[in-house]
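In what follows, a single structure is set out as structure tokens and then discussed.
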Amino acid sequence: MFNTFGTIANTDKHFRYLGIIYKIIGWLGVAISGALFVSAFMDIYPFLSAANLELMRFAATSMLIVFIVLLISLGLLQFSRALNAKRKWATNIIGYLVGFILLFTPPIGKLLGAYTLWALVQHAKNA
């Protein structure tokens, strides 16, 4: 089927590309969160004591950030698997939400968000 731009709108191909991109981003996030955890733990652990409350707060904040990055990365990995399998929840509201949120991130995220939204709209048109 041809879309208004005269190119073939093959949503399978676009979902496969998006799945690969989200998988790469997800695994990078897992690697970064692991590196941050090891770095924070190795740098802070020798200095932790009950007397140094400020360092304890810093350690807790660092671990919270690592945990949030890990959760987002694992969510993107699950989203990439669901997008490749064309699960209904990935091609409906969650997919649009991920694409919309990415529009507010720096340049690469804007492009990825726009591409995600475009692919989902094309899929909705063809369905």
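The values are calculated or read from the model by the stated rules, or taken from the named source; none is laboratory data. None of these values were measured; they are calculated from a predicted model. Here Cβ is always computed from backbone atoms with ideal geometry, including for glycine, and neighbour counts include all displayed protein chains.
For region 78-127, the helices (runs of 4 or more DSSP H) that sit wholly inside it and include 2 or more residues that are closer than 12 Å to His14 by Cα and touching a residue at least 40 places away in the same chain (Cβ under 8 Å) are 107-126. Whenever a residue of region 10-39 is crowded, with 18+ Cβ neighbours inside 10 Å and modelled with pLDDT of 90 or more, its partners that are of a type outside the set (Val, Ile, Thr) and not in a helix (DSSP H, G or I), lying with C-beta atoms within less than 9 angstrom and at least six residues away or across chains, give the pairs Gly19/Ala85.
Yes/no per residue for (1) of a type in the set (Asp, Glu); (2) within 15 Å of the chain's Cα centre (by Cα); (3) surrounded by fewer than 15 Cβ atoms within 10 Å (Cβ to Cβ):
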{"position": "Thr91", "(1), (2), (3)": "no, no, no"}
{"position": "Ile101", "(1), (2), (3)": "no, yes, yes"}
{"position": "Phe104", "(1), (2), (3)": "no, yes, yes"}
{"position": "Thr116", "(1), (2), (3)": "no, yes, no"}
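For region 79-89, a tally of residues being surrounded by 14 or more Cβ atoms within 10 Å (Cβ to Cβ) and more than 16 Å from Val121 (Cβ to Cβ) returns 6.
Inside region 103-127, residues that are touching a helix residue (DSSP H, G or I) at 6+ places or on another chain (Cβ under 6 Å), more than 18 Å from Arg16 (Cβ to Cβ) and of a type in the set (A, V, I, L, M) make up a count of 1.
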